[in-house]
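These notes concern the structure reproduced below.
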Amino acid sequence: MADIAITCAGVWKSYRIYHQRSHTLKEKVLSRRNMFEDFWALKGVDLEVPSGSTMGIIGANGSGKSTLLKTMARILTPNKGWVEVNGTVSPLLELGTGFHPELTGRENVALAGSLLGHTRRDMEKKYDGIVEFAGIENFMDIPVKNYSTGMYTRLAFAVAISVDPEILLIDEVLSVGDESFQMRCHQRIAELRAEGRTIVLVSHSLETIRALCKRAVWIESGVVREAGLSHDVVGAYLGGVHKRMTQPRERESLPENRYGSGEAEITGVQFLDADGDEVPSFCTGQSLTVRVGYRASGPIEDATCGIAVFRADNHTYVFGQSTQGSKIKLNLAEAGTIDMTLPSMPLLKGQYLVTISLERAEVKEIFDLHDREYSFVVLDNPGLPMGGGLIHVPTTWTISGSPVRA
């Protein structure tokens, strides 16, 4: 089928995990114990990649993403099922494969090109473009063992991308180098897309998947959990991550993160959108409501509910609010909910952790405190101008006397 570049039909792939190896022939003959077990990295994967499309593959570490890509590249043979590939393939799986540390950058360009099926004359024609793309013109005549990690990977990527394949398989290599080099990589990928090349991309960067891929596949424990438009698949994946992170746990199991007298208890926390639906992610500028469920041993007067938000990557304290600070008198019933709403949530892209507390306002008695036990994700809002830092700040620019509002 010319309109399908790659077909995976019922693909199963296993690896042997050895618990004990025989060191002698006698041990191998006499030992009757099972010294290994089969780990199934792929379990009946069915997948079609249309010609000329860009498809992303996402999932946690160990989910089977790279194994699937290697079966597409014919590096691995499935135990069961089959893979059909229509077109020439260039796999960018492990940058630097084929490089010899004692050879110079110039010599390794020719060597790596030969492993990709190109003659020395072909690589000589491509050489100037490769060096310009890598941006290391002054270091091509020294051994690559003296290269920094960034220089090494940049040259390897430049060599791999110089091939003009019909199908390009990329495994987590778009994050090499500095910002300018990454921009060149993304620009080159965009050029290949415009030329109608088929691209399959494995990445942990969900924003890269959303930006480069129209469709995506979520792999979990070797099984395709979801396939479809990249925005929908990324949302489903984030929902799964959020659900695992916020599943209720016993108070006794995390005494350092949850503590209090227990006179009132937090029973659940939800993150709601403008329609009141519980969602795992929000875009900057959208409405976000934090709903805190509670129960108390009896009616409690003069209580306060506090909510603090931290960045997940470095635990930077972003902001905090409380009913007491907002001059709200909070009397707890035996059970109920407390909502805090941000009509236009200003946080920029990232993952955030949330601390929730129930306290007695005057004497600061802590009834229940869950320290950074809940999380949500913020995505870029394409309708807002890009900015840096932690929050989006609306601004007005004046150019030649004409105000332009952002």
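A short reminder: the numbers here are calculations on the coordinates, not readings from a lab. Note that the structure is a prediction, hence the values are computed from the model and not measured. Don't worry about glycine lacking a Cβ; one is built from the backbone with ideal geometry, like all the others, and counts go over all protein chains shown.
Under 5 Å from the amide H of Leu92 lie the amide H atoms of Leu169, Ile170, Asp171, each residue being 5 or more positions distant or on a separate chain, with H modelled from the backbone and absent for Pro and chain starts. Each residue of segment 75-88 was assigned a 3J(HN,Hα) from its phi angle through the Karplus expression (A = 6.51, B = -1.76, C = 1.60, θ = phi - 60°), giving 6, 10, 9, x, 5, 9, x, 8, 10, 10, 10, 10, x, 6 Hz with x at Gly and Pro.
Students often check this: by mean Cβ neighbours within 10 Å, which of 190-197, 281-288, 394-401 ranks highest, and how do the rest follow? Walk me through the intermediate numbers first.
Working: 190-197: 13.4, 281-288: 18.5, 394-401: 7.9.
Packing order, densest peptide first, comes out as 281-288, 190-197, 394-401.
In this Cβ point-charge picture (+1 for Lys and Arg, -1 for Asp and Glu), the chain has a dipole of about 1220 debye about its Cα centre. Shown in residue order for segment 121-131 are the 3J(HN,Hα) couplings computed by the Karplus curve 6.51 cos²θ - 1.76 cosθ + 1.60 at θ = phi - 60°: 5, 4, 5, 5, 5, 8, 4, 4, x, 5, 5 Hz (x for Gly and Pro). For the chain, the extents of the C-alpha atoms along the principal axes are 83, 83, 47 Å, listed from largest to smallest.
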